[in-house]
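Peer 1: Provided herewith is a single structure, encoded as structure tokens, for subsequent inquiry.
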Amino acid sequence: MSYSSDGPWARFRADFAESRLAMIGLALLTMVIVIGLLAPVISPQNPYDLAQLDVMDSKLAPGENSAEGKTYWLGTDDQGRDMLSGIFYGLRISLGVGIASTVLALAAGLVLGLVAAYFGGWVDTLIMRIVDIQLSFPAILIALILLAVLGQGVDKIVIALVTVQWAYYARTVRSAALVERQKEYIEAARVLALKQGRIVFRHLLPNCLPPLIVVATVQVAHAIALEATLSFLGLGLPITEPSLGLLISNGFQYLLSGKYWISFYPGLALLLTIMAINLVADQLRDVLNPRLRK
Amino acid sequence: MTESPLLQVEGLRMHFFTKAGIVKAVDDVSFTVGRGEILGLVGESGSGKSMTGYSVLGLIDPPGRIVDGRILFDGTDLTRLDAAAWRRIRGNRIAMIFQDPMMTLNPVLRIDTQIVEAVRAHADVSRETALSRAREALVRVGIASPDERLRAYPHQFSGGMRQRVAIAIALVNSPDLIIADEPTTALDVTIQGQILFEMQKVCRESGTALIWITHDLSVIAGLADEVCVMYAGRFVESGPVADVLVRPMHPYTRGLIDSVPSRNARGRPLHQIPGMTPSLLQLGSGCAFRERCASASRQCGESPPLREPAPRRKLRCFHPAP
């Protein structure tokens, strides 16, 4: 009778593990997250504490020792900041900003998209036209304008990223919900006279989640890249709390004079993080799409 | 004096106001269902039988609207109720079972969640009480080991089992009336027989009235007390099942009965009703069936009045069979 003896979760894990590349991505992503979480513990230096920085140590090459005999494995930047510590803390900020803005944008887009699909009519028209307008502008443009108005800071950049991203989720949720809404179980829920909110959030929402999970994982990568871009342009975070984008930007001017490491290692960290997320997202898309399932 | 019937639908008109014009999905339909009685609502696809069911539940979405008629349920006119009052009746005193058991249960929620939710939407009871009612309901529809089944997800059930669960959800609040919209069409014949038997038994035991919407006359023959035939959104003929099926008066009803393959006419070509169901958009006045009817005359261009040619028989036709 039972469709499969090992529940849906075990099947999901088995399907996911089929791709070795995705497993590498997952391992990489886990490592990056652990580094981000433990940055204050594992970093050799607190890169935000200016008292710990020594200008005498600036622009040291990877592996060089400081005057006190401390080894900088990835070198230092122009302020004598240890690149390794800078990258660890930068990852922490990039991941935090990426995940926080994705979660908030997801929540906002989810509610608006569901409401639009379920109630239809002028509510749907209003919400979706706003989405259309939003999506017709390049994300970077909206973010730039917002940050120019709001100023710098982690909270400001999260606000900017949420504003840029919610429309993607609203559109994805709406299209999924429009299909689900036609199904008889929603009609059956209405026949039972369940409360509207309950039908929308308990019955409709969980059935719309699979495409959203995929979009959300891809969007985390986008958010991180966008944050790095904004920081690179000097609009994101204050110079005292460098994220990966700001570290790259700091080293940019020394790139041609042979001091490649100031930009290169943060760039590599950014690349690996985004690649890991995309590998995981790709496999999630394949696993969660019943049409691609063998 | 006899008590008033449980459900009395009088002159119900439900129209869809589309861009292409007004679609008269239900056009002047009347029938009654007594307490504990089983009414078969028969018609082809698009004859408005499902829409009649939805109208009784107040689940007509725009652009559809009930434009005329009364739906008297236990003495109150449902068409005059506000949304809150509808909600107290829907799912509680009137329940519904749908056609496709694969779709009518939410795939991501466990069976217990779905039944408990149905109970607690209408009764202020604890989860435990609701759960024990859910278990009882599953037993009533013939599901073995209900405790194990309650913790399962819909995909772990076969079609027949899912339809039983859907029936259990409909039954769990002990409604006065259940509207069943072709609930056995998607099932194979042996399961269909079991479900029909189960439904009949449960309705007889609990005195629940039933409206069974179907296109399958053989199902009606074995199940219903009364039958009401619809064509193109309009009322055609009604009466006690045995009477209508043996002596159909309306040419359409006769055509439907003749279309059922029979052992007595083996080897001979089946009868069929010529032509197709008319588009509800272009339907003028007069009898909707006249284009396909062998006994149609010029008179049929006018709307035939409602007649009672025999006790408990009602009919709209100028040329009834004797």
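No value in this document is a laboratory result; all are computed from the given coordinates. This is a predicted model, so every value here is computed, not measured. Glycine gets a Cβ as well: all are built from the backbone with ideal geometry, and neighbour counts include every protein chain shown.
Peer 1: Could you pull out every residue, at least 5 positions away or on a different chain, whose amide H is within less than 5 Å of the one on B:Asn92? Hs are placed 1.01 Å off N in the peptide plane, and Pro or chain starts have none.
Peer 2: HN-HN under 5 Å from B:Asn92: empty list.
Peer 1: About its Cα centre, what dipole magnitude does the protein assembly as shown give when the only charges are +1 on Lys and Arg Cβ and -1 on Asp and Glu Cβ, stated in debye to the nearest 20?
Peer 2: Details: 60 positive and 55 negative charges, 374 e Å.
That gives the protein assembly as shown a dipole magnitude of about 1800 debye.
Peer 1: Using Cα centres only, tell me the gap between segment A:102-147 and segment B:16-58 in whole Å.
Peer 2: 39
Peer 1: Could you name the lysines whose alpha carbon sits less than 20 Å from that of B:Lys49, not counting residues in the same chain fewer than 8 places away?
Peer 2: A:Lys183, B:Lys24, B:Lys314
Peer 1: Find how many whole Å separate the alpha carbon centroid of segment A:9-49 from the alpha carbon centroid of segment B:154-180.
Peer 2: Between the Cα centre of segment B:154-180 and that of segment A:9-49, the gap is 46 Å.
Peer 1: What number, in percent, do you get for the relative contact order of segment A:81-213 if the mean sequence gap of Cα pairs under 8 Å and at least 6 apart is divided by its residue count? Walk me through the intermediate numbers first.
Peer 2: On the way: 114 pairs, mean separation 43.2, N = 133.
That works out to 33 percent.
Peer 1: Separate question: Using DSSP, restrict attention to beta bridges with both residues in chain B and report what percent are antiparallel, rounded to the nearest 5.
Peer 2: Values: 30 of 50 bridges.
Here the share of antiparallel DSSP bridges comes out near 60 percent.
Peer 1: Relative contact order of chain B, please, whole-number percent, based on alpha carbon pairs below 8 angstrom and at least 6 residues apart. Don't skip to the end; give the middle numbers.
Peer 2: On the way: 597 pairs, mean separation 66.9, N = 322.
Reported as a whole number, the value is 21 percent.
Peer 1: Let me ask another. Can you tell me the 0 to 90 degree angle between the C-alpha axis of helix A:121-136 and the longest principal axis of chain A, rounded to 10?
Peer 2: 30
Peer 1: OK, next. Could you work out how far helix A:83-119 tilts from the main Cα principal axis of chain A, as a 0 to 90 degree angle to the nearest 10?
Peer 2: Helix A:83-119 and the main axis of chain A meet at about 20 degrees.
Peer 1: Still on this structure, I have one more. Under a GNM of chain A (C-alpha, springs under 10 Å), which listed residue has the highest mean-square fluctuation: A:Lys70, A:Lys259, A:Lys156?
Peer 2: Ranking A:Lys70, A:Lys259, A:Lys156 by mean-square fluctuation puts A:Lys70 first.
Peer 1: Fewest first, what order do A:Glu241, B:Glu128, B:Glu117 take by the number of other Cβ atoms within 10 Å?
Peer 2: Numbers: A:Glu241 17, B:Glu128 9, B:Glu117 20.
Ascending Cβ contact count within 10 Å gives the list B:Glu128, A:Glu241, B:Glu117.
Peer 1: Mind checking the angle between helix B:127-140 and chain B's longest principal axis? C-alpha axes, 0 to 90 degrees, to the nearest 10.
Peer 2: That works out to roughly 50 degrees.
Peer 1: Another question about this same structure. What is the dipole size for segment B:53-188, taken about its Cα centre, with +1 at each Lys and Arg Cβ and -1 at each Asp and Glu Cβ, in debye to the nearest 20? Before the final figure, lay out the partial values.
Peer 2: On the way: 17 positive and 17 negative charges, 57 e Å.
The dipole magnitude comes to about 280 debye.
Peer 1: In addition: Sorted from fewest to most neighbouring beta carbons within 10 Å, what does the list A:Tyr72, A:Tyr260 look like?
Peer 2: Fewest-to-most ranking of A:Tyr72, A:Tyr260: A:Tyr260, A:Tyr72.
Peer 1: Contact order normalised by length for chain A, with contacts defined as Cα pairs under 8 Å and 6 or more residues apart; what percent is it?
Peer 2: Working: 421 pairs, mean separation 69.8, N = 294.
Taking the mean separation of contacting Cα pairs over the length of chain A, I get 24 percent.
Peer 1: Search the structure for amide H atoms under 5 Å from the amide H of B:Gly64, placed 1.01 Å from N in the peptide plane, and list their residues when 5 or more places away or on another chain.
Peer 2: B:Phe17
Peer 1: Let me ask you something else. Of the trypsin sites (Lys or Arg not before Pro) in segment B:232-322, which ones lie in a loop per DSSP and count no more than 16 other C-beta atoms within 10 Å?
Peer 2: Working: sites: B:Arg234, B:Arg254, B:Arg263, B:Arg266, B:Arg290, B:Arg292, B:Arg298, B:Arg307, B:Arg312, B:Arg313, B:Lys314, B:Arg316; in loops: B:Arg266, B:Arg312, B:Arg316.
Hits after loop and neighbour filter: B:Arg266, B:Arg312.
Peer 1: Moving on. Within straight cross-link reach of A:Lys259, meaning Cα distance under 16 Å, which lysines are found once same-chain residues fewer than 8 apart are removed?
Peer 2: The reachable lysines, counting only those whose Cα sits under 16 Å from A:Lys259, are A:Lys59.
Peer 1: May I pose another question? Could you check the simple spin-label distance between A:Asp155 and B:Val189, using points 7 Å along Cα→Cβ, in nm with one decimal?
Peer 2: 7.3
Peer 1: Now for a separate question. Return the percentage of antiparallel bridges among DSSP beta bridges fully within segment B:144-256, rounded to the nearest 5 %. Working shown, then result.
Peer 2: Working: 6 of 11 bridges.
Restricted to segment B:144-256, the bridges split so that about 55 percent are antiparallel.
Peer 1: Classify segment A:1-124 as rounded, prolate or oblate from the Cα gyration tensor: take a ≥ b ≥ c as the square roots of its eigenvalues, call it rounded if a/c is under 1.5, otherwise prolate when a/b beats b/c and oblate if not. Walk me through the numbers before you get to the answer.
Peer 2: On the way: a/c = 4.31, a/b = 1.86, b/c = 2.32.
Oblate, because a/c is 1.5 or more while a/b does not exceed b/c.
Peer 1: Sticking with this structure for a sec: Name the lysines eligible as straight-distance cross-link partners of A:Lys156: C-alpha to C-alpha under 28 Å, and not fewer than 8 places from it in the same chain.
Peer 2: none
Peer 1: What is the average number of partner chain Cβ atoms found within 10 Å of a Cβ in B:54-60? Write down the numbers at each step before the final one.
Peer 2: Values: counts 2, 0, 0, 4, 3, 4, 0.
The per-residue average across the peptide is 2.
Peer 1: Turning to a different aspect of this structure: Can you give the mean number of other chain Cβ atoms that lie within 10 Å of the Cβ atoms in peptide A:189-202?
Peer 2: Numbers: counts 8, 8, 16, 17, 16, 8, 2, 0, 0, 2, 1, 0, 0, 6.
Across the residues of A:189-202, the mean count of other-chain Cβ atoms within 10 Å is 6.
Peer 1: What residues of segment A:209-241 lie in the reach of a label at A:Ile33, counting those whose backbone N is under 17 Å from a point 7 Å from the Cα along Cα→Cβ?
Peer 2: Answer for this model: A:213-224.
Peer 1: What is the list of residues in segment A:150-174 whose amide nitrogen lies under 17 Å from a point 7 angstrom out from the Cα of A:Asn289, following Cα to Cβ?
Peer 2: Output list for this probe position: A:172-173.
Peer 1: Kindly provide the helix-only [θ] at 222 nm of the protein assembly as shown, computed as the sum of -39,500 (n - 2.57) over DSSP H runs of four or more divided by all residues, to the nearest 500 deg cm²/dmol?
Peer 2: Working: 20 runs with 297 residues, N = 616.
It lands at -15500 deg cm²/dmol.
Peer 1: Whole Å is fine, so just give me how far the alpha carbon centre of segment A:223-253 lies from that of segment B:183-238.
Peer 2: For segment A:223-253 versus segment B:183-238, the Cα centre distance is 70 Å.
Peer 1: Taking the Cα-to-Cβ direction at A:Asp49 and at A:Ile145 and moving 7 Å from each Cα, how far apart do the two end points lie in nm?
Peer 2: 4.3
Peer 1: Residues of B:102-111, mean number of Cβ from any other protein chain within 10 Å of their own Cβ, rounded to a whole number?
Peer 2: Working: counts 3, 7, 8, 3, 13, 5, 8, 6, 0, 0.
Mean partner shielding for this stretch: 5.
Peer 1: So what's the net charge close to A:Ser85: Lys and Arg +1, Asp and Glu -1, counting the other residues with Cβ under 13 Å from its Cβ?
Peer 2: Numbers: positive: A:Lys70, A:Arg81, A:Arg92; negative: A:Asp49, A:Asp57, A:Asp77, A:Asp82, A:Glu241.
Net charge in that neighbourhood comes out at -2.
Peer 1: What spacing in nm lies between the two simple spin-label points modelled at A:Tyr254 and A:Ile130, each 7 Å away from Cα in the Cβ direction?
Peer 2: For A:Tyr254 paired with A:Ile130, the spin-label model returns 4.6 nm.
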